[in-house]
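Contents: one structure, followed by commentary.
The values are calculated or read from the model by the stated rules, or taken from the named source; none is laboratory data. None of these values were measured; they are calculated from a predicted model. Using ideal geometry, Cβ is built from the backbone for each residue, glycine included, and neighbour counts are taken over all protein chains shown. Quick note on the areas: whole protein, heavy atoms, side chains included, nothing else; ligands and nucleic acids left out. Shrake-Rupley method; radii C 1.70, N 1.55, O 1.52, S 1.80 Å.
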Amino acid sequence: MKIFAVIGDPIVHSKSPRMHNNALNTLNFCASYTRYHLQEKNKLKDVVKFFDGVNITIPFKEEACLIADFKDKSVLHIGSANTLLNKNNKIYAYNTDYLGFLKAIEEFKNIKNALILGAGGTARALAYALKTQDIEVAIANRSDGRFEKLNHSVCYLYEQLQPDFQFDLIVNTTSAGLNDMILPCKRDILENLFCNAKYAFDVIYGKNTPFLELARQWNLQTKDGTDMLLWQGVFAFELFLECEQQREEIFKAMNMALNYP
Ligand code: NDP
């Protein structure tokens, strides 16, 4: 029997075990998916070897890239991985966050340019995703310490964003709004962006964040991170089980599990 896991710190709130186990049961795979609470990043490689495949979450996605023997093209560009396969004692690294994001924004049409708020690992994955679609990307953050890792993107501090800047899509990748009802930056800066934009996306899932609430007040089409979470899971599942013909069934099973009370 194959065994998979999600590894992170904290990990108790991860939805991945319930999503993956429901898909495994529904599609009759003889496999199981658990969670693993890791605190020391130097033990990641040893822990990965217990499993056939793992998902990696905060704060180990960069370490996941470093320990891999083989990295797919997206991992090489982004510098972090959320899916690892353990095959023939070698670790293979993938990033399905970027694929999940692209699937989640399929309903947003004709995007020419986008502004990503936040400059962490998720921002790097989403910048890569948008660039694969020939969408121009800029990044804005509250501090400039992470800009050097984004050397292929135009970067701004929030206060450098000019009122006449125009972006079709604004994406929040900061954790502002996750545990507190705050915006990622000053309200007037966001209002200037929203008055010229068409779409707003927040990677936070299952919450009406102040960012999305304000975007709706400006009549933007909005979306939270639920579909991104589900689709990154679907693409990881396909890598784990080497199955590519059952995408919609996997999505439905994961979606159902996410909506259990
Ligand atoms: P990082 O820690 O790498 O980056 C966080 C970024 O947010 C930094 O740029 C940081 O700024 C900024 N930030 C943090 N708090 C605030 C705040 N209060 N106000 C303004 N800016 C803030 O995190 P990740 O990129 O790895 O993850 C970001 C979020 O994405 C998490 O909430 C995670 O759960 C979510 N996520 C969702 C997924 C999904 O499937 N829906 C998939 C992957 C991630 P600074 O540089 O100044 O510290």
Tell me which of these THR132 doesn't satisfy, since it passes every other one: (1) farther than 26 Å from TYR94 by Cα; (2) of a type in the set (Val, Ile, Thr); (3) open to solvent by 30 Å² or more (accessible area, probe 1.4 Å).
(1)
Sole exception among (1) under 20 Å from the mean Cα position of the chain (by Cα); (2) over 26 Å from PHE201 (Cα atoms); (3) open to solvent by less than 10 Å² (accessible area, probe 1.4 Å) for HIS37, by number:
(3)
Pick from segment 46-62, criterion among the aromatic types (Phe, Trp, Tyr) and more than 18 Å from GLY120 (Cβ to Cβ), ranking: surrounded by the fewest Cβ atoms within 10 Å (Cβ to Cβ)
PHE50
Restricting attention to segment 101-108, does a residue exist that is surrounded by fewer than 17 Cβ atoms within 10 Å (Cβ to Cβ) and farther than 27 Å from ASN255 by Cα?
no
Only residues that are free of Cβ contacts under 8 Å to residues at least 12 places away in the same chain and under 18 Å from the mean Cα position of the chain (by Cα): list them for segment 60-98, please.
LYS73, LEU76
Test for ASN89: is it of a type in the set (S, T, N, Q) and away from the ligand (no atom under 16 Å from the Cβ)
yes
Which pairs turn up if I take residues in segment 114-127 that are in a loop (DSSP other than H, G, I, E, B) and within 6 Å of the ligand (Cβ to nearest atom) and look for partners that are modelled with pLDDT of 95 or more and open to solvent by less than 10 Å² (accessible area, probe 1.4 Å) with beta carbon separation below 7 Å, at least 6 apart in sequence or on another chain?
GLY118/ASN172; ALA119/ILE139
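Okay, residues lined up against (1) out of contact with any helix residue (DSSP H, G or I) (no Cβ under 8 Å at 6 or more places or on another chain); (2) more than 24 Å from GLU63 (Cα to Cα):
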| residue | (1), (2) |
| --- | --- |
| ALA93 | no, no |
| LEU99 | no, no |
| ALA104 | no, yes |
| TYR128 | no, no |
| ALA138 | yes, yes |
| SER153 | no, no |
| PHE165 | no, yes |
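When you check LEU178 against the structure, is it closer than 22 Å to ASN95 by Cα, under 17 Å from the mean Cα position of the chain (by Cα) and in contact (Cβ under 8 Å) with a residue 24 or more places away in the chain, yes or no?
So LEU178 fails the test.
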On the basis of being over 19 Å from ILE11 (Cβ atoms), within 15 Å of the ligand (Cβ to nearest atom) and among the acidic types (Asp, Glu), does ASP97 make the cut?
no
Kindly indicate which of LYS103, LYS109, LYS61, LYS41 is in the same structural domain as ALA200 (by TED's automatic domain parsing), within 15 Å of the ligand (Cβ to nearest atom) and of a type outside the set (A, V, I, L, M).
LYS103
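Give me a count of the residues in segment 136-155 that are in contact with a strand residue (DSSP E or B) (Cβ under 8 Å, 6 or more places away or on another chain) and more than 8 Å from the ligand (Cβ to nearest atom).
First pass over segment 136-155, keeping only residues in contact with a strand residue (DSSP E or B) (Cβ under 8 Å, 6 or more places away or on another chain): 136-144, 147, 150, 153-155.
Those still in the list that are more than 8 Å from the ligand (Cβ to nearest atom) too: 136-140, 144, 147, 150, 153-155.
Within segment 136-155, residues that are in contact with a strand residue (DSSP E or B) (Cβ under 8 Å, 6 or more places away or on another chain) and more than 8 Å from the ligand (Cβ to nearest atom) number 11.
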